[in-house]
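Participant: Sending over a structure as structure tokens; questions will come in a sec.
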């Protein structure tokens, strides 16, 4: 820094600039004191005074730095700040530009916490890609906490409200004190070894950094990462972050929230069960309507001889059996699904007797409706068959009529097409005969005049 000669007359702005440069030449410093006059500006910057018994100094912590502070400081709080000394030139005010802020007395713990967090993060233990999704419908939850902790009561209360049939396995471990970290690590490993749970909850209530320190243990973090079970952490309050939170597959802000995230909602499952039942009824009605349409189509196509008619009847019977079998299979699948959901809901599920009775009534109604429709279709087919028999040419010949063909084998429909002496053949109900025309009369049938006379 250049120092002007003593006889030089400086402007105030020049003097303040020289003072600022001199102050900013100092290295970064840690300063301890009490917060007072704390103000949060609309821009997001923090302004406050740091004081002790004999002095105070103005401080500024800009938004780009204070966003990393978990909890904003309050007036009267003892803190330690890492600062750069500077001077605000427009007013010539000496102030400290704060880079880091932490509660007083926790400097060593914070440094150890940050150092271990950086190390584990560099190893990839906190990567989101390695985290596993939670099962949608877990049957058993494992809880790692102290049996006397309020967190356990909060978790059990939440489970009783949401899913009272959920099975719970407690892996007891102290959550505070010198032996807590080792006990928590052993509990995580024991739960993974036994494999009797679908999800593992690691919970405890709020506390200071020292109270939660067991959840910053490196061995515990590695045990969570290596656990074969998905782990949900619910340690402290929403503003508390431990290394166990970063390693867990899912972090919950509180123990109660951890229980809610790991368990399904019983009321939603009951609502879904009701929707499935209504969908079953609707699908069965739709299937019945489709089968009815199919029967109608087959009936309109049955304009064939008796052999074709029998084939169609066999096909109709086959379709009927397939429909019955499909209906039974659908009912079996739905009953199995309903049974599974009823087992999961257990105490929260409604009385299963009424749905079972309703299902039996629906099955009985379906069988009755199907039998009625099958009977009607068979009667309709029988009527069609009788009509075909009556219209068959052989039935007409059996009543005494004959088919007359000329020498070319063409059917003769009028007497005027024949001449006297013409040779004709007659087709009767039983056999054929030959004849010769002896007389021809073209008068229409029904008149009293004679017609063609045959000489057999």
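The values are calculated or read from the model by the stated rules, or taken from the named source; none is laboratory data. Values in this document were obtained by computation on a predicted structure and should not be read as measured data. Neighbour counts run over all protein chains shown; Cβ positions are idealised from the backbone, glycine included.
Participant: Of the residues in the stretch 419-456, how many are at pLDDT below 70, in contact with a strand residue (DSSP E or B) (Cβ under 7 Å, 6 or more places away or on another chain) and surrounded by 12 or more Cβ atoms within 10 Å (Cβ to Cβ)?
Facilitator: Here the count works out to 3.
Participant: Another question about this same structure. Can you tell me which of (1) exposed (fewer than 14 other Cβ atoms within 10 Å of the Cβ); (2) closer than 23 Å to residue 173 by Cα is the one residue 123 doesn't meet?
Facilitator: Here residue 123 meets the rest and fails (2).
Participant: In addition: Assuming residue 190 fulfils every condition listed in (1) free of Cβ contacts under 8 Å to residues at least 24 places away in the same chain; (2) touching a helix residue (DSSP H, G or I) at 6+ places or on another chain (Cβ under 9 Å) apart from one, which condition is it?
Facilitator: Condition (2) is where residue 190 drops out.
Yes/no per residue for (1) touching a helix residue (DSSP H, G or I) at 6+ places or on another chain (Cβ under 7 Å); (2) assigned by TED's automatic domain parsing to the domain that holds residue 206:
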site: 92; (1), (2): yes, no
site: 97; (1), (2): no, no
site: 101; (1), (2): no, no
site: 111; (1), (2): no, no
site: 119; (1), (2): no, no
site: 145; (1), (2): yes, yes
site: 160; (1), (2): no, yes
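Participant: Return the residue satisfying two criteria in turn: it lies in the stretch 143-152 and is farther than 13 Å from residue 234 by Cα and modelled with pLDDT of 90 or more, and of such residues it is surrounded by the most Cβ atoms within 10 Å (Cβ to Cβ).
Facilitator: The qualifying residue surrounded by the most Cβ atoms within 10 Å (Cβ to Cβ) is 146.
Participant: Now for a different question. Looking only at the stretch 85-133, which residues are assigned to a strand (DSSP E or B) and under 25 Å from residue 210 (Cβ atoms)? Spell out how you get there, then give the answer.
Facilitator: The first filter runs over the stretch 85-133 and keeps only residues assigned to a strand (DSSP E or B), leaving 85-88, 93-103.
Listed by number, the residues that qualify are 98, 99, 100, 101, 102, 103.
Participant: Another question, if that's okay. Go through (1) free of Cβ contacts under 8 Å to residues at least 24 places away in the same chain; (2) in contact with a helix residue (DSSP H, G or I) (Cβ under 8 Å, 6 or more places away or on another chain) and name the single condition residue 417 misses.
Facilitator: It fails just one condition, (2).
Participant: Pick from the stretch 85-111 the residues that are closer than 18 Å to residue 207 by Cβ and within 45 Å of the chain's Cα centre (by Cα): which of them is surrounded by the most Cβ atoms within 10 Å (Cβ to Cβ)?
Facilitator: Filtering the stretch 85-111 for residues that are closer than 18 Å to residue 207 by Cβ and within 45 Å of the chain's Cα centre (by Cα), the one surrounded by the most Cβ atoms within 10 Å (Cβ to Cβ) comes out as 102.
Participant: Hey, residue 149 hits all of (1) touching a residue at least 40 places away in the same chain (Cβ under 8 Å); (2) more than 16 Å from residue 206 (Cβ to Cβ); (3) over 29 Å from the mean Cα position of the chain (by Cα) but one; which does it fall short on?
Facilitator: (2)
Participant: With the requirement that a residue be outside any loop (DSSP other than H, G, I, E, B) and in contact with a strand residue (DSSP E or B) (Cβ under 7 Å, 6 or more places away or on another chain), what does the stretch 398-418 give you?
Facilitator: If the condition is that a residue be outside any loop (DSSP other than H, G, I, E, B) and in contact with a strand residue (DSSP E or B) (Cβ under 7 Å, 6 or more places away or on another chain), then 403, 404, 405, 411 are the ones that fit.
Participant: Let me confirm something: among 174, 164, 138, which residue is assigned by TED's automatic domain parsing to the domain that holds residue 245 and either at positive phi or surrounded by fewer than 18 Cβ atoms within 10 Å (Cβ to Cβ) (or both)?
Facilitator: 164
Participant: Follow-up question, since we're still on this one. Look through the stretch 213-243, keep the residues that are surrounded by fewer than 23 Cβ atoms within 10 Å (Cβ to Cβ) and at pLDDT below 90, and return whichever of them is nearest to residue 126 (Cα to Cα).
Facilitator: Looking at the filtered set, the residue picked out is 241.
Participant: Go through (1) under 16 Å from the mean Cα position of the chain (by Cα); (2) at pLDDT 85 or above; (3) over 30 Å from residue 235 (Cα atoms) and name the single condition residue 271 misses.
Facilitator: (2)
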